[in-house]
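Chemist: Please read through the structure below; I'll follow up with questions.
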Amino acid sequence: MSIPICYLFNSFIYNNSAEAFFFAGCTTVLILALSARFMIKKKAPADPLFYVYAVYAFFSVVNLIIGLEQDNIIDGFVTFYLKEADPHINTAHGHMISYWDGCVHYLVYLLMIAAITWGDSYRAIGLYWVGSFLMRAIVYILGNAVGKYGTHVGPLFLLHMLYISVSVWACFRIFSQPSAQDIQLTSIQEAERKSLLHRPLDLLFIIYLIPALAFCVFRGLVALDCSSKWCQDYTQRYEPYLKDPSAYPKVQMLVSMLYSGPYYIIALYGLLVPGCEWMPDLTLVHSGALAQAQFSHIGASLHTRTPFSYRVPADSQPVFLLVNVLYTLVPQFLCYRCCFRPAFFCRPTPEKKSE
């Protein structure tokens, strides 16, 4: 219902049409009536996050509409909002987070709503969302504060802070849920006995983590305006977007260096030492954060809303895409390995003897 509601309310506000207002009001009443009827027929879920994610799913589609209208793919749905909204939403980074929220977050919300309805655990998908949300929120807030639009903070930004507050509460609710892993003792003991040479996949991940740490720190130094010739050449040839005055890419690289850098060191330890029970949860949060960050960074680096002088040069795009896509995908595979084959990271619990 997000699509017709956006269109009708935009028509009412933008054109001051009484007919559009009438249809918008009727649509809203219809939604409330259908919701009430559904609640009468089916018992309402006890988990309060069900209602939070239902509202978020509605606004995720609104964000997708915003992104499509900003790129002139559709028209007449959120025209008034785009004229009155904070200027941050019209940047290339704002476009990318609109698409991410309207596609990936929308799917995640639907999965968690379905899990709550069916009584299943949604902790894993919830932790992935936690990482994605935290990365999006940190970069967006800090970028707004220090970028060229720092003086244009309006009432809508304060409304966004309400969304941040509710989402942080939801994060704590997800972290407090118990893990649903049930691994047999023999599987744990067998996994612990294997050396690193007998775990070739883990060996490949360890080999990857070392250059990933170096790349993460290197881009952080570039964002800090390092005077090294390597940093200057890299900025000019491959990622001039890091110098964009909107400050989103600079904040993105600094956040990655300060949080992803330590993560790579901790992940190295977790892959070498058995019994690190926190490893699956940590990879879920980090993979969600990195996926959101890289999607926004890659898309904004190539988007037409980015000034031409800050876009990736055409002859450097294959290298730029290869490096950044690999940097995005490998942590997703590591997360998959840790979550679906977690025996190496579990600690054996002694079985109780029956008297």
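The values are calculated or read from the model by the stated rules, or taken from the named source; none is laboratory data. Owing to the predicted nature of the structure, the values given are computational and were not obtained by experimental measurement. Every residue, glycine among them, receives a Cβ derived from its backbone with ideal geometry; neighbour counts consider all protein chains shown. For accessibility, only protein heavy atoms count, side chains too; no ligands or nucleic acids. Shrake-Rupley method; radii C 1.70, N 1.55, O 1.52, S 1.80 Å.
Chemist: Taking only protein heavy atoms into account and a 1.4 Å probe, give the accessible area per residue of the stretch 214-339 in Å².
Modeler: 43 Å²
Chemist: Once both labels are modelled 7 Å past Cα along the beta-carbon direction, what's the residue 169-residue 71 spacing in nm?
Modeler: 3.4 nm
Chemist: Based on a Kirkwood Rh over C-alpha pairs, give the Stokes-Einstein translational diffusion coefficient of the stretch 187-340 at 4 °C and viscosity 1.567 mPa s in µm²/s.
Modeler: 78 µm²/s
Chemist: Can you pull the one-decimal nm distance between simple spin-label points at residue 265 and residue 232, each 7 Å off the Cα toward Cβ?
Modeler: Going from the residue 265 label point to the residue 232 one covers 3.0 nm.
Chemist: If you don't mind, another one. Using 7 Å Cα-to-Cβ label points, what is the residue 322/residue 198 separation (nm, one decimal)?
Modeler: Placing both labels 7 Å beyond Cα along the Cβ direction yields 3.7 nm.
Chemist: When ranked by the protection proxy of mean other Cβ atoms within 10 Å per residue, highest first, what sequence do the peptides 259-268, 318-327, 129-138, 190-199 form?
Modeler: 129-138, 259-268, 318-327, 190-199
Chemist: May I pose another question? Please list 62-75, 222-235 highest first by mean number of surrounding beta-carbon atoms within 10 Å per residue.
Modeler: Averaged packing, sorted descending, gives the order 62-75, 222-235.
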